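The values are calculated or read from the model by the stated rules, or taken from the named source; none is laboratory data. Values in this document were obtained by computation on a predicted structure and should not be read as measured data. Because the Cβ atoms are built from the backbone with ideal geometry, glycine has one as well, and the counts that use them run over all protein chains shown.
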Amino acid sequence: MSKPVRIAVVGLGKMGLSHFSLVHAHPDTETLACDASGFMVDVLSKNTPATFHKDYDRMLAEEALDAVVIATPSRAHAPMVRAALEKGIHVFCEKPFCLDWQDAVALADLAEQKGLINQVGYHYRHVGAFQEMKRIIDSGALGRITHVMAEAYGPVVLRPKRQSWRTTKSEGGGCLYDYAAHPLNLLNWFFGVPAQVTGSVLTSIFSEGTDDEVMSTLRFENGPTAQLSVNWSDESHRKMSTKISMIGTNGRIFADRQECQLYLRAPSEALPQYSKGWNVKYTTELTQESWFYLRGEEYSNQIDDFISAVRDAKTRATENDFRSAAATDQSIAMILENSDTGIPVGEAPRVSPVATPQKRSWFGRAGA
């Protein structure tokens with residue numbers, strides 16, 4: 001049996017406890033944890049056979065770690081990630097990666113220079129239906145995609161209340177960073193960084209000083225126009241609901257946590273398993289079986305992806321490294337600038353015209 005991966009989970013809040021449970025249950029790890037809250041450390045240390053610390057810098061100095069999982073408030077991500085990378089430690093960081101996209105690019109550069117595994121917790125990339133959507137887009141079966149709708153709704157902030165770090169703009173970034181980052185990251189996965197962002201509106205509904213609702217139009221080079229619609233003050237949804245729909249010259253596609261629906265005007269050689277008309281595949285048949293089910297396959301699989309890459313000395317994890325997360329941070333910065341100024345950010349993209357067949361004249365010649 002190979003040596004276990006010594007991995008510390010940093011930050012034991014909602015996501016941190018989830019990650020700690022996953023890491024601690026993984027068969028290839030020796031788990032440590034760190035949290036500045038003495039209460040959390042005291043409670044867990046009495047009931048869990050793991051090593052606990054209250055000071056992050058001291059833990060890095062004293063422990064021989066292979067990797068860390070950082071699940072602290074967003075403002076702390078950049079300095080904590082840098083400190084780990086500089087000590088040669090592989091890093092998984094919760095989303096959003098950095099509140100300043102230039103920090104994200106610098107950390108991606110550093111991780112790549114040191115050859116360290118780096119990953120950010122955009123778990124929707126591990127949902128089978130969205131993975132299938134990515135495969136279908138890359139196949140070209142939809143033709144030229146012209147329009148996209150990216151949405152996320154949920155019941156996070158439903159009344160005025162005392163602020164938390166998540167709803168404080170300087171700490172967590174509000175709905176844009178915390179909620180809208182998910183569908184935005186999927187758009188980046190499919191199409192890259194937008195060439196231009198326009199029409200961005202960030203609205204406060206119940207929160208003070210930060211946004212609860214995000215609307216924006218993103219235009220991609222040689223690609224579609226995407227409408228981003230996100231609201232975390234929507235009690236019509238029991239929990240977060242993220243969905244993407246697209247229209248192309250040869251059909252349309254929809255995906256959410258449960259299924260991927262594809263309509264093809266004409267069958268495509270690139271997708272022989274799909275026929276003309278409507279096709280439906282469910283997440284249960286599309287999602288890779290996880291090594292251990294806890295909370296959801298996507299959460300289990302993304303942590304297993306990271307741990308396996310560290311264990312096997314791979315050059316990178318499968319999905320969502322720092323470089324791709326930096327693209328999301330840059331897209332967020334474009335939305336913020338556009339919302340603040342009302343001026344389009346970036347240049348209008350070039351779009352190739354859709355090829356149309358020539359009409360035949362009455363005399364059998366090609367003509368108008």
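Numbers at a glance
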quantity: Qualifying residue in the stretch 205-212 (condition: of a type in the set (S, T, N, Q) and at pLDDT 95 or above); calculated: no
quantity: Unique match (being at pLDDT below 95, in a loop (DSSP other than H, G, I, E, B) and within 18 Å of the chain's Cα centre (by Cα)) among N320, N301; calculated: N320
quantity: Residue, farthest from the chain's Cα centre (by Cα), within the stretch 262-284, restricted to residues that are surrounded by 14 or more Cβ atoms within 10 Å (Cβ to Cβ) and polar (S, T, N, Q); calculated: S268
quantity: When residues of the stretch 198-231 are limited to those that are touching a Pro at 6+ places or on another chain (Cβ under 6 Å) and either assigned to a strand (DSSP E or B) or among the acidic types (D, E) (or both), the one farthest from S331 (Cα to Cα); calculated: E221
quantity: Wholly within the stretch 1-89, helices (runs of 4 or more DSSP H) carrying at least 1 residues that are modelled with pLDDT under 95; calculated: 14-25, 38-47
quantity: Total residues in the stretch 34-50, condition loosely packed, with under 15 Cβ neighbours inside 10 Å and either within 15 Å of G11 (Cβ to Cβ) or of a type in the set (V, I, T) (or both); calculated: 5
quantity: Residue match in the stretch 224-245 (condition: on the phi > 0 side of the Ramachandran plot and out of contact with any strand residue (DSSP E or B) (no Cβ under 7 Å at 6 or more places or on another chain)); calculated: no
quantity: Test: residue in the stretch 176-197 that is in contact with an Asp or Glu (Cβ under 8 Å, 6 or more places away or on another chain), hydroxyl-bearing (S, T, Y) and not in a loop (DSSP other than H, G, I, E, B); calculated: no
quantity: Residue check for S290: in a loop (DSSP other than H, G, I, E, B) and polar (S, T, N, Q); calculated: yes
